Amino acid sequence: MMSLNRQLSTYLDLIRVVCALLVVLSHLGHGHLVGGYLWAFTAVGNEAVMAFFVLSGFVIAFVTDQRERSMVSFAAARLGRLYSVILPAMLLTLGLDAIGQTINAESYTNSRAFSSSDPLADYILSAIMLNQSWDVTQHFGSNGAYWSIPFEFWYYFIFGSFMLLKDWARWLCTGLSVALAGPKILVLLPVWLMGVAVYYLLQRRKPGHWALVASLGSLALLTWMLWTDVTGFGKSTFWGMTPNGLPWQYVVGLCFAVHIYGATGLAQWLAKPFLWFARPLALLSGSSLALYLFHLPIIALVNAIAAAQGRSVYTTAAMIILPFAVAMTLGYWCELQKKPLRARLLKLLTKAEQTRTAVKHPND
């Protein structure tokens, strides 16, 4: 059985940190936010999310196989991880959007990332992970990055239900999760399952030297694809694939899956450097979800200030620095809440499971 050794774990932390950074840079590259200097990064945001999906599938396959062997412990861990950041992100977005709209409402109404439909419905649907189900396409406030969170949520519970439950409960909960997710979310499930496939492939076959070559080759192919996208200003095609189209997303996911498979050799090859940076990377990785969910409301607020008072080197610096500063402070606090929240959820879900069992078998 493959263990997630420290070198590989550190390398996966590095991938997670880099992808979170790329998402932030992709949003900063839009329009006039930082003077247009980061425009090339607008081509990598969706690709970074595909990498997150593959990485998530790999990690969830690992934890269901080796750590969380019951649906109760799995659900408590996943809900604790997500909502320890989601709830603060909602409060942060609500507060910063209110301040920003008071300063300059027009900067919000003109933003693609701002949801201007029914705020109450947006927050409720987002909180219960139905904001991307079927024909619903919403997020709360200026937090446009939230779109991918319900995708991951339903992937967790589709996979967890199928792997950890038995008999009729397996099919009922898996089917219910599939039905609630809807086709828009399910169409990217194969990308997430690529990460699962990599984990189980590593369980059966240790990668050889060829896997390292394939790992580096997949990065080269991905770089070529992104270069084509950037130099074509999003209007070119690569092997007939349109950037961010479904075939493109599948190929991007496959590139990352191949890379992670071969990265076991790369991690061993760079074992010492990885161990040197293991602790700081783990700290940064722990704040990556916070960075992902905190950065857009902060950018929107600074943009409102800049629109009202004039852009300067100070507003540009604030727009770049503040998301990382908040993620490393408030995000660190969120990380500390994860275990207590998970423990409370585990206690609650365990009690619910015991009650269900007692009702089902009253004479036992």
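Pairs linking a residue in region 141-168 that is modelled with pLDDT under 95 to a residue that is part of a helix (DSSP H, G or I) and among the acidic types (Asp, Glu), with Cβ atoms under 6 Å and 6 or more positions apart or on different chains, are 141/97; 142/97.
Screening residue 255 against (1) out of contact with any Leu (no Cβ under 7 Å at 6 or more places or on another chain); (2) closer than 17 Å to residue 45 by Cβ; (3) touching a residue at least 12 places away in the same chain (Cβ under 8 Å) leaves a single unmet condition, (1).
For region 170-242, the helices (runs of 4 or more DSSP H) that sit wholly inside it and include 3 or more residues that are over 26 Å from residue 148 (Cβ atoms) and either among the aliphatic types (A, V, I, L, M) or in contact with a helix residue (DSSP H, G or I) (Cβ under 8 Å, 6 or more places away or on another chain) (or both) are 209-231.
The residue that is surrounded by the fewest Cβ atoms within 10 Å (Cβ to Cβ), counting only those in region 304-329 that are in contact (Cβ under 8 Å) with a residue 12 or more places away in the chain and small (Gly, Ala, Ser), is 308.
Here is the figure for region 139-155: residues that are crowded, with 20+ Cβ neighbours inside 10 Å and either touching a strand residue (DSSP E or B) at 6+ places or on another chain (Cβ under 9 Å) or within 16 Å of residue 97 (Cα to Cα) (or both) total 7.
Evaluate region 94-116: report whether one residue or more is closer than 30 Å to residue 255 by Cα and part of a loop (DSSP other than H, G, I, E, B). Yes: region 94-116 contains one or more residues that are closer than 30 Å to residue 255 by Cα and part of a loop (DSSP other than H, G, I, E, B). The residues of region 29-54 that are surrounded by 21 or more Cβ atoms within 10 Å (Cβ to Cβ), assigned to a helix (DSSP H, G or I), among the aliphatic types (A, V, I, L, M) and touching a residue at least 40 places away in the same chain (Cβ under 8 Å), listed by number, are 43, 49, 50, 51, 54. When residue 95 is tested against (1) more than 18 Å from the chain's Cα centre (by Cα); (2) modelled with pLDDT of 95 or more; (3) closer than 25 Å to residue 29 by Cα; (4) buried (at least 20 other Cβ atoms within 10 Å of the Cβ), exactly one condition is not met: (4). Just wondering, is there one or more residues in region 185-203 that are more than 18 Å from residue 15 (Cα to Cα) and among the β-branched types (Val, Ile, Thr)? Yes; the residues of region 185-203 include at least one that is more than 18 Å from residue 15 (Cα to Cα) and among the β-branched types (Val, Ile, Thr).
The values are calculated or read from the model by the stated rules, or taken from the named source; none is laboratory data. None of the values given here were measured: they were computed from a predicted structure. Heads up, the Cβs are rebuilt from the backbone with ideal geometry, glycines too, and the neighbour counts pull from every protein chain shown.
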